Structure formats: C-alpha cells, structure tokens
Amino acid sequence: MAVTASKLLTSINIKYKTGVDANGKDISKSKKVGNIKVTATDADIYAVGTAIGGLLKYQILEIQKSDDNLLINA
C-alpha cells in the first residue's frame, strides 16, 4: 500500500513574551496566521513571521509552521 500526502494548507503560530509573572516565569501569548501559500518555503515563512513580530511590541519566542495534509492510498 503506497500512501501519498497532498498539502492542503499551511499556517504559522507566533509565540511572544508579554511579561514575567511573580515567580519569574515568562508570560507568553501566541498569534496564529493562516492562509499561507502551501508552496512557500520555510525561509519565506520565517521571514513573514519575523516581519509580523517586528510589528509587535513584544519579544518573539518562537515561530511554528503547521501543515495540514490529505493522505491518499494510491
């Protein structure tokens, strides 16, 4: 059985630091951005994430990429 994957959609999640709690741990939030072209390269997606992060007044902690795929038994 050969299974192939077809990418349906890509999104990014930008996690950023909004402060520190009473125990000294980071307080963070995240922003999800969808409708990213499925053909976009990882470098392009990272550039978009950092550009969006530049518009925020907070420090970016991480940028995550998520792909949704359709699996087909071929």
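The number of residues in region 34-47 that are assigned to a strand (DSSP E or B) and surrounded by 14 or more Cβ atoms within 10 Å (Cβ to Cβ) comes to 1.
Take the residues in region 1-33 that are of a type in the set (A, V, I, L, M) and in contact with a helix residue (DSSP H, G or I) (Cβ under 7 Å, 6 or more places away or on another chain), then tell me which one is surrounded by the most Cβ atoms within 10 Å (Cβ to Cβ). Ranking the candidates gives 14 first. Given the condition surrounded by 14 or more Cβ atoms within 10 Å (Cβ to Cβ), part of a strand (DSSP E or B) and in contact with a Phe, Trp or Tyr (Cβ under 9 Å, 6 or more places away or on another chain), answer yes or no: does some residue in region 48-61 qualify? Yes, because at least one residue in region 48-61 is surrounded by 14 or more Cβ atoms within 10 Å (Cβ to Cβ), part of a strand (DSSP E or B) and in contact with a Phe, Trp or Tyr (Cβ under 9 Å, 6 or more places away or on another chain). Pairs meeting the criteria (first residue in region 46-69 and closer than 16 Å to residue 32 by Cβ, second residue of a type in the set (A, V, I, L, M) and in a helix (DSSP H, G or I), beta carbons under 7 Å, at least 6 apart or on different chains) are 65/45.
Counting the residues of region 3-33 that are in a strand (DSSP E or B) and more than 9 Å from the chain's Cα centre (by Cα) gives 17.
Since every read-out is calculated from the coordinates, none of them should be taken as a lab result. Not measured: the values here are computed from a predicted model. All Cβ positions, glycine included, derive from the backbone under ideal geometry; neighbour counts span all protein chains shown.
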